[in-house]
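The values are calculated or read from the model by the stated rules, or taken from the named source; none is laboratory data. Just so it is clear, the model here is predicted, and its values are computed rather than measured. Positions of Cβ are backbone-derived with ideal geometry, glycine not excepted, and every protein chain shown enters the neighbour counts.
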Amino acid sequence: MKNKYFLLMLFCILIFSSCEKVIDVKLSTEPSRLVVDATLSWVKGTNGKSQSVFLSTTTSYYSQEIPKVSDAIVYINNSTNTKFEFLEETATKGKYTCANFSPVIGENYTLTIVYKGETYKAQEKLTSVSPIENVEQRSDLGINRDEYGIKVNFQDPIAQNNFYLVRFVTSTSAFPSFEVFHDQFFDGKKGFGLYGSDKLKKDDAIEIKLNGISERYFDYMKKLTATASGGGGGPFQPTPSSAIRGNVVNQSNESNFCLGYFSVSETDILTYTVK
């Protein structure tokens with residue numbers, strides 16, 4: 001009988017001690033890549049001269065910091081070859097700003113980045129957007145019919161192929177919420193964007209940014225949102241790659257591709273307070 005108790009105690013000790021063992025998972029690492037955040041936005045009612053481009057690099061899975069890129073050359077040319085230089089801010093590493101950018105609806109722009117002896121380029125057209133007309137609020141959403149949500153309405157231009165990105169920012173969420181769509185089913189009619197959250201409450205402010213975007217940027221953002229939501233296509237759909245390539249192409253070494261996107265959009269902004 002004593003031998004049985006001894007064996008039982010020894011078995012328990014081995015089980016619990018093995019649970020405390022630290023497992024060192026060795027992950028394969030790839031060479032760091034340039035990450036470009038060049039989202040230029042011409043807000044309605046402003047001159048749009050102040051614009052910024054953010055540069056960083058990829059890092060290891062366990063890293064706590066995102067490496068910022070300094071000593072890069074960043075500039076944008078329009079169709080008449082006017083050059084707009086973006087200089088790195090002294091106080092904010094990796095942030096390159098321009099104070100004299102000239103936004104023109106329908107104008108084509110070319111972004112150039114020179115980093116570590118390699119040249120990256122991207123092209124995009126500045127896309128217009130209709131103004132936000134009004135916001136409708138619902139207070140009976142969710143399973144318990146007690147969640148808040150909003151519907152952002154705007155007028156879609158007729159006989160045009162339009163693409164939209166709506167960005168919602170609230171103090172109740174650490175990250176913005178994005179919605180991308182096109183006017184396939186509401187051409188020339190009222191378009192809308194939707195946002196809801198079980199964390200919203202009365203008097204919360206929601207910043208709404210409605211952007212007109214290109215079809216290519218629409219496709220890119222659809223892939224990103226699908227990746228962020230785990231694929232969104234059921235248990236047998238392949239998981240999208242985390243290295244989704246944008247429109248910024250390495251002209252010097254194609255295999256050393258970068259991540260990120262260059263977009264130029266007209267934007268309408270409205271802040272709504274939950275009632």
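Is there any pair with a first residue in segment 201-226 that is in a strand (DSSP E or B) and a second that is acidic (Asp, Glu) whose Cβ atoms are under 7 Å apart and which are 6 or more apart or on different chains, and what are they?
If the second residue must be acidic (Asp, Glu), the pairs left are Leu210/Asp268; Gly212/Glu266.
Which of the strands (runs of 3 or more DSSP E) contained wholly in segment 63-167 include at least 1 residues that are within 24 Å of the chain's Cα centre (by Cα) and of a type in the set (Phe, Trp, Tyr)? Explain how you work it out, then say what you get.
On the way: elements: 73-77, 83-88, 95-98, 108-115, 118-125, 132-141, 147-155.
Because the criterion is at least 1 residues that are within 24 Å of the chain's Cα centre (by Cα) and of a type in the set (Phe, Trp, Tyr), the strands (runs of 3 or more DSSP E) in segment 63-167 that meet it are 73-77, 83-88, 95-98, 108-115, 118-125, 147-155.
Checking Ile113 against (1) over 21 Å from Ile213 (Cα atoms); (2) out of contact with any Leu (no Cβ under 9 Å at 6 or more places or on another chain), only one condition comes out false. Which one?
Single failed check for Ile113: (2).
When you scan segment 159-175, do you find a residue that is of a type in the set (Gly, Ala, Ser) and either free of Cβ contacts under 8 Å to residues at least 12 places away in the same chain or crowded, with 16+ Cβ neighbours inside 10 Å (or both), even just one?
Here is the first cut: in segment 159-175, the residues of a type in the set (Gly, Ala, Ser) are 159, 171, 173-174.
Imposing the further condition that a residue be either free of Cβ contacts under 8 Å to residues at least 12 places away in the same chain or crowded, with 16+ Cβ neighbours inside 10 Å (or both) reduces the set to 174.
Within segment 159-175 (the criterion being of a type in the set (Gly, Ala, Ser) and either free of Cβ contacts under 8 Å to residues at least 12 places away in the same chain or crowded, with 16+ Cβ neighbours inside 10 Å (or both)), the answer is yes, since at least one residue qualifies.
Going through segment 232-267 one residue at a time, which ones are assigned to a loop (DSSP other than H, G, I, E, B), of a type in the set (Ser, Thr, Tyr) and modelled with pLDDT of 95 or more? Step through it out loud before you land on a result.
Our first condition is that a residue be assigned to a loop (DSSP other than H, G, I, E, B); within segment 232-267, this holds for 232-248, 251-258.
Of the ones still in play, those that are also of a type in the set (Ser, Thr, Tyr) are 239, 241-242, 252, 255.
Within segment 232-267, just Ser252 meets the criteria.
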